[in-house]
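Student: For reference, the structure I am asking about is given below.
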Amino acid sequence: MEVYIDKNFIKNYWAVDADDAIISSFCDDFLKHANRYTLITNYASEEEIDEDAEGQLFIYDIVQEQNPADIVYLQNLLDEDCLSSCLNNGGCKLLFIECDEQRAMDLEHKYGYRVITSATLRTKWSEYIKYNDVEKTIVLPVDEADDEIFNSWSDLKFIGAFPTNSIVIADKYILSDKSQGRLKDNLLPMLEQLIPIDYQAIFPSLYWQKVY
């Protein structure tokens with residue numbers, strides 16, 4: 001996983017309420033697990049971090065303490081061509097950069113990756129922890145009043161709130177087309193819930209319904 005962190009995001013991060021439960025989750029449950037991701041930052045070098053008190057505290061005391069998989073210094077990260085190149089090469093990514101909300105939305109819609117600024121950190125990170133402890137079950141009878149029971153594909157609708165540029169489905173039942181489990185009753189309605197709500201193209205469900 002690649003995590004892009006703008007040095008200006010780091011500077012502004014310290015102004016966000018550290019006592020907030022959401023920010024604590026971001027720090028403790030994500031940043032402090034740096035061994036799971038590659039950090040890409042627009043600091044030019046370790047020397048530049050050494051000259052920046054906020055950068056030292058963030059990079060050395062929080063991230064490097066956990067032995068990150070790698071740290072890449074990419075000084076021109078936020079240049080349009082550089083950012084486009086980074087976001088076009090696939091893989092799992094999260095971006096923490098300082099920009100206006102319109103540009104963040106444009107990047108999310110174009111590339112399918114979540115872009116978080118210091119101003120939207122609390123709001124957007126809450127989406128990740130909201131469902132952290134929810135375990136849906138298909139064993140219990142349908143109970144539409146119980147949020148913990150999987151009642152229908154619409155229970156996955158929250159996933160559509162996240163930018164997505166790829167979906168991998170590895171389930172023989174969902175991908176089969178048999179009399180007791182047709183694609184039009186399983187795969188297609190499931191995809192309609194998973195595909196981001198900001199997806200601009202028309203989902204070809206009507207075509208599939210005609211075929212199947």
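Student: For the range 114-146, name all the residues that are over 16 Å from the mean Cα position of the chain (by Cα) and at pLDDT below 75. I'd like the intermediate steps shown before the answer.
Tutor: Here is the first cut: in the range 114-146, the ones over 16 Å from the mean Cα position of the chain (by Cα) are 119, 133-146.
The answer is Asp133, Val134, Glu135, Lys136, Thr137, Ile138, Val139, Leu140.
Student: Contact list please: Cβ distance under 7 Å, first residue in the range 164-190 and under 30 Å from Leu94 (Cβ atoms), second residue among the small types (Gly, Ala, Ser) and in a loop (DSSP other than H, G, I, E, B), pairs at least six apart or on different chains.
Tutor: Thr164/Gly112; Asn165/Gly112
Listed here are the residues, each with its yes/no results for (1) in the same structural domain as Asp20 (by the TED database); (2) loosely packed, with under 15 Cβ neighbours inside 10 Å; (3) closer than 20 Å to Ile23 by Cα.
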residue: Asp100; (1), (2), (3): yes, yes, no
residue: Asp106; (1), (2), (3): yes, yes, no
residue: Val115; (1), (2), (3): yes, no, yes
residue: Asp146; (1), (2), (3): no, yes, no
residue: Ile149; (1), (2), (3): no, no, no
residue: Asp155; (1), (2), (3): no, no, no
residue: Phe158; (1), (2), (3): no, yes, no
residue: Asp177; (1), (2), (3): no, yes, no
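Student: Quickly run through the range 1-42 and pick out the residues that are modelled with pLDDT under 90, touching a Ser or Thr at 6+ places or on another chain (Cβ under 8 Å) and outside any helix (DSSP H, G or I).
Tutor: Met1, Ala15, Val16, Ala18
Student: Report whether or not Tyr111 is closer than 30 Å to Cys86 by Cβ and at pLDDT 75 or above. Before the answer, list the steps.
Tutor: Numbers: closer than 30 Å to Cys86 by Cβ: yes; at pLDDT 75 or above: yes.
Taking the combined requirement at face value, the residue satisfies it.
Student: Let me ask you something else. Could you tell me which of the residues Leu57, Leu39 is of a type outside the set (Phe, Trp, Tyr) and in contact (Cβ under 8 Å) with a residue 40 or more places away in the chain? Don't jump to the end; show me each part of the working.
Tutor: On the way: Leu39 fails: in contact (Cβ under 8 Å) with a residue 40 or more places away in the chain.
Among Leu57, Leu39, only Leu57 is of a type outside the set (Phe, Trp, Tyr) and in contact (Cβ under 8 Å) with a residue 40 or more places away in the chain.
Student: Pull out all pairs, ordered by first then second residue, where Cβ-Cβ is under 9 Å, the residues are six or more apart or on different chains, the first lies in the range 130-152 and is at positive phi, and the second is modelled with pLDDT under 70.
Tutor: none
Student: Would it be correct to say that Ile129 is of a type outside the set (Gly, Ala, Ser), open to solvent by 20 Å² or more (accessible area, probe 1.4 Å) and closer than 24 Å to Ile195 by Cα?
Tutor: On the way: of a type outside the set (Gly, Ala, Ser): yes; open to solvent by 20 Å² or more (accessible area, probe 1.4 Å): yes; closer than 24 Å to Ile195 by Cα: yes.
For Ile129, the condition - of a type outside the set (Gly, Ala, Ser), open to solvent by 20 Å² or more (accessible area, probe 1.4 Å) and closer than 24 Å to Ile195 by Cα - is met.
Student: Any chance you could count how many residues in the range 1-29 are in contact (Cβ under 8 Å) with a residue 60 or more places away in the chain and open to solvent by less than 40 Å² (accessible area, probe 1.4 Å)?
Tutor: 12
Student: Right, another one. Across the range 43-87, what is the total count of residues that are in contact with a Cys (Cβ under 8 Å, 6 or more places away or on another chain) and either open to solvent by 70 Å² or more (accessible area, probe 1.4 Å) or at pLDDT 90 or above (or both)?
Tutor: Selection size over the range 43-87: 4.
The values are calculated or read from the model by the stated rules, or taken from the named source; none is laboratory data. Keep in mind the model is a prediction, meaning the values are calculated, not measured. FYI the Cβ positions are ideal-geometry reconstructions off the backbone, even for glycines, and counts take in every protein chain you see. Keep in mind that these areas ignore ligands, DNA and RNA; they rest on the heavy atoms of the full protein, side chains included. Shrake-Rupley method; radii C 1.70, N 1.55, O 1.52, S 1.80 Å.
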